[in-house]
Amino acid sequence: MNHAMNDAMNDELNVRDGIGKALEAMRAGRADRAIELLEPLSRQSPRDARVWQLLGFASRDEQRMPEAAQAFAQAVQRHPKDAKSVLAHAQARYESGLPAAQLCRQALELDPDNLAAIGGCAAALAAEDQKRAAENLLVDTLARRPDWLEGHKALSALRWTAGDTEEFVRSYTAACRKLPQHVPLRLAWFRQVAQARNWPAALAIIEAGERLCGAQPAFVMARLFIAAESGARAQAEALFEHTRDWRDEVRDLAWIRHCLRERRPAEAADVALALTRTPSARLAWPYLSLIWRLLEDPRALWLDGSPPYARAMEVDLTSADLAEFAALLRRLHTARAPYIEQSVRGGTQTDRPLFFRAEPIVQRVRARLLDAIREYVAGLPPFVEGHPLLGTPRTQLLFSGSWSVRLLSQGYNVAHTHPMGWISSAFYVSLPSTAQMGPAPAGWIRFGTPPPELGLDLPAYAQIEPRPGRLALFPSTLWHSTVPFDDGERLVAAFDVRPPAY
C-alpha cells in the first residue's frame, strides 16, 4: 500500500514539475519547447486533464490548431465540466474548420455569462450556415448587455456581409437609447458608420453624443476625422489648429493624410517619422514612404527597397493540388459582400484563419508556403536597425492572419497595407483565361500606388503578373493594389506573417 502511494506521489510530482517547466517555456515565448515537454508527459500520465489542457494551449500558440483541438478533446474527456477546456476545444475546432457550435453551446451551459463563449458560438453557428441562429444569439445577448462592444461589432459584420448595408448598425441605435451617455458605445457606433463613409450619419451620431454627454475630446477627434476624410477643407484646418497641442496618434495620422491631400508633404514628415517610434509605427511607415517619395528623399528607397522588396516565387504544388485547393476555397466563400473594413471590391473575402484549417490540402499548401517564406527571408539584405522589414529578428514564422479573396468581373483590391503583418502575400490559386482577364496588366498586383482618395500622382514601383501556383511576397508596409480585370474568377489565398518578437 505504501509503495503504491509513493508511486502515485512521485507521478504527481513529475506531472507538476513538467507542467511548471512547460509554463515557464510558454511565458518565455517558447511554446515549441513546452510541446516537447508535454507530449511525453501526456503519454506517461494520459489521464491528467491538466497536461492535455496545457498541451492544447501550447499547440494553439504554435498555430498547430488541429493538434490543439485533439489535445483539448482529451482534456474535456477527462474533465467534462471544465468550462475553460470546453470553450478552448470549441475555439480550436472552429479555427480548424471543424463543426464547433454544439461544443460552444456546452461551454455556455457551463458558463452562461461568458461573452467570449457567446461570441464564439455565434461565429460557429454562422460558419455552419445557421446565420439566423447566430444573429438571434447576438441580439438576445445585446438586449441584456447593451454595452458589449465586441457583440455589436460581430452583429454588424454578420449583417453587412449578408448584404444589409442600410441597417447593419441598428443594434447600436437600440443600445444607445438604453445607455445614452455611454461614450465608448457611441464611438464604436461612429466607427462602424464612418467605415462605410456615410459622413452625414457619422456626424449625426457625434452631434447626438455632444448633446447628451457634453464636450468630449473623442468627439472633437471624430469631427476632425469626418472633416478631413469628407473633404471639408476649411473645417478640417480649423479643427487641426484647435488640436495643435494634442498628443494623439489618431490626430497625427489624420494630419498626415490631410497634408498629403493638400500637397504639403513636408509639413507631415516630422509627425510621420515620430509616429514610427510609437505603437502606431506600422500605420505610419506607409505614409512616410509616400512623403519621402513626394519630397524625392532617398529614404523612400531605403524603406521600400530599390528595387522594392517584392518577390515572385513559384510554389511546389501540382495542378491537381491547386484544383483541390480551389474547390475548397470556393466552398468557403459564402458571404454576399466583403467585410466593411476590407480592401476587396467586386468580390468576397473569407473570415476564419485559412491556414489553421485541418483539411490535408490546406496543410499541404501551408507547408509549401512556409518553405517559400523561409527562402524569401533568407534572401533579404542584412539586418538594418529601425527598418520595419529588415530590423526585426528572423526567427519564428507565425501567421497574424490568413484568408482567401475571390474576385469576379471588374473586381480589384484598392491600395492598402497590412499593419498587423511583417510580410504579406498573394498566392494565386485559380485565374481567368488570358482572353477573360483582358490586356496586361489586368488582374496584376501593383506595388507603391497610393490610396486613390489621397489624389497623389505616384506611379507603381513594380508589378507582378499572377499565375496559378505563383506566390507574391512583400513587406506589409508596402502599398499594394490589384488592377481590375475584365471577366472570370480570380481566386487567391493570402496571409500576413506576424512581426517576430525580440
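The values are calculated or read from the model by the stated rules, or taken from the named source; none is laboratory data. This one's a predicted model, so the numbers in the text were calculated from it and none came from an experiment. Glycine also receives a Cβ, built like all others from the backbone with ideal geometry; neighbour counts cover every protein chain displayed.
General remarks:
- Some residue of segment 98-108 being of a type in the set (A, V, I, L, M), modelled with pLDDT of 95 or more, part of a helix (DSSP H, G or I) and surrounded by fewer than 24 Cβ atoms within 10 Å (Cβ to Cβ): no
- One residue stands out among those in segment 468-502 that are within 24 Å of Pro279 (Cα to Cα) and small (Gly, Ala, Ser): the one that is surrounded by the most Cβ atoms within 10 Å (Cβ to Cβ), which is Ser476.
- Some residue of segment 230-239 being part of a helix (DSSP H, G or I), more than 26 Å from the chain's Cα centre (by Cα) and surrounded by 17 or more Cβ atoms within 10 Å (Cβ to Cβ): yes
- Segment 37-84: number of residues that are charged (D, E, K, R) and assigned to a helix (DSSP H, G or I): 8
- Among residues of segment 460-477 that are of a type in the set (Phe, Trp, Tyr), those with a Cβ under 8 angstrom from a residue that is in a loop (DSSP other than H, G, I, E, B) and surrounded by fewer than 21 Cβ atoms within 10 Å (Cβ to Cβ), sequence gap 6+ or separate chain, pair up as Tyr461/Pro307; Tyr461/Pro308; Phe474/Pro308.
- Scan of segment 291-305 for residues that are of a type outside the set (Val, Ile, Thr) and in contact with a helix residue (DSSP H, G or I) (Cβ under 9 Å, 6 or more places away or on another chain), ordered by number: Trp292, Arg293, Leu294, Leu295, Asp297, Pro298, Arg299, Ala300, Leu301, Trp302, Leu303, Asp304
- Search result, residues across segment 280-301 that are closer than 20 Å to Phe225 by Cα and surrounded by fewer than 21 Cβ atoms within 10 Å (Cβ to Cβ): Ser280, Ala281, Arg282, Leu283
- No other residue among Arg244, Arg263 is charged (D, E, K, R), on the phi > 0 side of the Ramachandran plot and either modelled with pLDDT of 95 or more or loosely packed, with under 15 Cβ neighbours inside 10 Å (or both) apart from Arg263.
- Filter result (closer than 21 Å to Val139 by Cβ and part of a helix (DSSP H, G or I)) within segment 109-125: Glu109, Leu115, Ala116, Ala117, Ile118, Gly119, Gly120, Cys121, Ala122, Ala123, Ala124, Leu125
- Residue list for segment 458-473, restricted to those being hydrophobic (A, V, I, L, M, F, W, C), within 11 Å of Arg446 (Cβ to Cβ) and not in a loop (DSSP other than H, G, I, E, B): Ala462, Ile464, Ala472
- Residue check, Arg299 touching a residue at least 60 places away in the same chain (Cβ under 8 Å), at negative phi and more than 26 Å from the chain's Cα centre (by Cα): no
- Unique residue being in contact with a helix residue (DSSP H, G or I) (Cβ under 6 Å, 6 or more places away or on another chain), at pLDDT 95 or above and under 28 Å from Ala124 (Cβ atoms) when the list is Ser404, Ser425: Ser404
- When Ser306 is tested against (1) at pLDDT below 95; (2) more than 22 Å from the chain's Cα centre (by Cα); (3) at positive phi, only condition (3) is not met.
- Residues of segment 362-404 that are within 30 Å of Ile340 (Cβ to Cβ) and either outside any loop (DSSP other than H, G, I, E, B) or free of Cβ contacts under 8 Å to residues at least 60 places away in the same chain (or both): Val362, Val365, Arg366, Leu369, Ile373, Phe399, Ser400, Gly401, Ser402, Trp403, Ser404.
- Qualifying residue in segment 457-467 (condition: β-branched (Val, Ile, Thr), under 24 Å from His333 (Cβ atoms), at pLDDT below 95 and more than 17 Å from the chain's Cα centre (by Cα)): no
- Scanning segment 142-185 for residues that are among the β-branched types (Val, Ile, Thr) and outside any helix (DSSP H, G or I) yields Thr165, Val169.
- Of all residues making up segment 35-76, the number that are acidic (Asp, Glu) and under 30 Å from the mean Cα position of the chain (by Cα): 4
- Ser171 more than 22 Å from the chain's Cα centre (by Cα), crowded, with 19+ Cβ neighbours inside 10 Å and small (Gly, Ala, Ser): yes
- The single residue among Arg366, Arg330, Arg357 that is within 30 Å of Ser156 (Cα to Cα), surrounded by 18 or more Cβ atoms within 10 Å (Cβ to Cβ), modelled with pLDDT of 95 or more and not hydrophobic (A, V, I, L, M, F, W, C) turns out to be Arg357.
- Qualifying residue in segment 271-291 (condition: at negative phi, over 25 Å from the mean Cα position of the chain (by Cα) and basic (Lys, Arg)): no
- Scanning segment 417-441 for residues that are in contact with a strand residue (DSSP E or B) (Cβ under 7 Å, 6 or more places away or on another chain) and not in a loop (DSSP other than H, G, I, E, B) turns up Ile423, Ser424, Ser425, Ala426, Phe427, Tyr428, Val429, Ser430.
- Taken together, Gln91, Gln63, Gln102, Gln53 contain a single residue that is free of Cβ contacts under 8 Å to residues at least 12 places away in the same chain and polar (S, T, N, Q), which is Gln102.
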